[in-house]
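What follows is one structure encoded as structure tokens, with my remarks underneath.
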Amino acid sequence: MAHIIVLGNEKGGSGKSTTAMHLMSAISRAGHQVGAIDLDLRQQSFFRYIDNREAFCANNDIELPMPKRVSLKLSTLDSQKAAQTEEEARFADALATLEAECSFILIDCPGAHTRYAQMAHSVADTLITPMNDSLVDFDLLARLDPSTGKVLGPSIYSEMVWSARQLRSQAGLKPVDWVVLRNRMSTLNARNKRKVGTALGELSKRIGFRLIPGFSERVIFRELFLNGLTLLDLKEVGEYKMTLSNIAARQEVRDLIRALELPDVTINF
């Protein structure tokens, strides 16, 4: 069976699609065929990123690692129960199609609670929750006491992840590896940064996730999206100078892959 990596966060702008693309590139370069599903059926940021990549390759007559994609649609049935059944069947078929050819499947979830997102969380072997390093985004995971900074309890999203874990346990599957990725971390030792770090450390022990550093705020990530490129492609395409900032960002990708501990994925970039 394929190893399923789900990127989930019910708030937009956290870097899910950027993270998904860099994972796709890194895993492909380790010799694996990667499958891709974009469950943000409205914006399709992950698939738009891949569209830009395909166009760049065609316009420049080069080849870069590409995933195998499967698209999903919402059911149009009137009955809620029938619509749910149809969407469950479509999701299962998409996984089966990709598992026939791929050893890894990346699923990018929308910044909202949907039935498809629920299903994705229940099948995740690795769940990655990117979050901007702020108290606003921390609210996705838990509620804080504003006066003391203490964690009052898990959020609705955390409770959904807990339910998905229970479903996996009941099905006899191995526990999901839940990883929270701190993106856009400030280089300054700001008060809010320390507060978020302390709260995340406490919460990780209470609800069971691993905490790892993600990507810093860099202009290069926005520029890469337009051409569908990742930091791992820069030497091949020659479009960007390998500045100190770009080299540091590339190291962040290496650190991410190493911290995720994905099966049979070696760092060779």
Kindly provide the set of residues from region 44-56 that are farther than 12 Å from L226 by Cβ and crowded, with 18+ Cβ neighbours inside 10 Å, ordered by number.
-> S45, F46, F47, I50
Is it the case that L141 is within 19 Å of P67 (Cα to Cα) and not hydroxyl-bearing (S, T, Y)?
-> no
Region 56-110, residues that are in a loop (DSSP other than H, G, I, E, B) and basic (K, R) | K73
If you scan region 174-191, which residues turn out to be modelled with pLDDT under 85 and loosely packed, with under 14 Cβ neighbours inside 10 Å?
-> S186, T187, L188, N189, A190, R191
In region 218-238, anything loosely packed, with under 15 Cβ neighbours inside 10 Å and not in a helix (DSSP H, G or I) is listed as G238
Mind checking which residues of region 201-254 are under 19 Å from the mean Cα position of the chain (by Cα), at pLDDT below 85 and basic (K, R)?
-> R218
Counting only residues in region 1-35 that are part of a helix (DSSP H, G or I), of a type outside the set (S, T, N, Q) and more than 12 Å from the chain's Cα centre (by Cα), the one surrounded by the fewest Cβ atoms within 10 Å (Cβ to Cβ) is identified as R29
If we keep only residues of region 91-113 that are hydrophobic (A, V, I, L, M, F, W, C) and surrounded by fewer than 19 Cβ atoms within 10 Å (Cβ to Cβ), then the residue nearest to M160 (Cα to Cα) is A112
Does Y116 satisfy being under 18 Å from F225 (Cα atoms), touching a residue at least 40 places away in the same chain (Cβ under 8 Å) and in contact with a Phe, Trp or Tyr (Cβ under 7 Å, 6 or more places away or on another chain)?
-> no
Unmet requirement for K241, which otherwise passes all of (1) among the charged types (D, E, K, R); (2) farther than 17 Å from K16 by Cβ; (3) in contact with a Leu (Cβ under 9 Å, 6 or more places away or on another chain); (4) surrounded by 14 or more Cβ atoms within 10 Å (Cβ to Cβ) | (4)
The lone exception for S155 - which of (1) free of Cβ contacts under 8 Å to residues at least 40 places away in the same chain; (2) touching a strand residue (DSSP E or B) at 6+ places or on another chain (Cβ under 8 Å); (3) at positive phi it fails = (3)
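The values are calculated or read from the model by the stated rules, or taken from the named source; none is laboratory data. Values in this document were obtained by computation on a predicted structure and should not be read as measured data. FYI the Cβ positions are ideal-geometry reconstructions off the backbone, even for glycines, and counts take in every protein chain you see.
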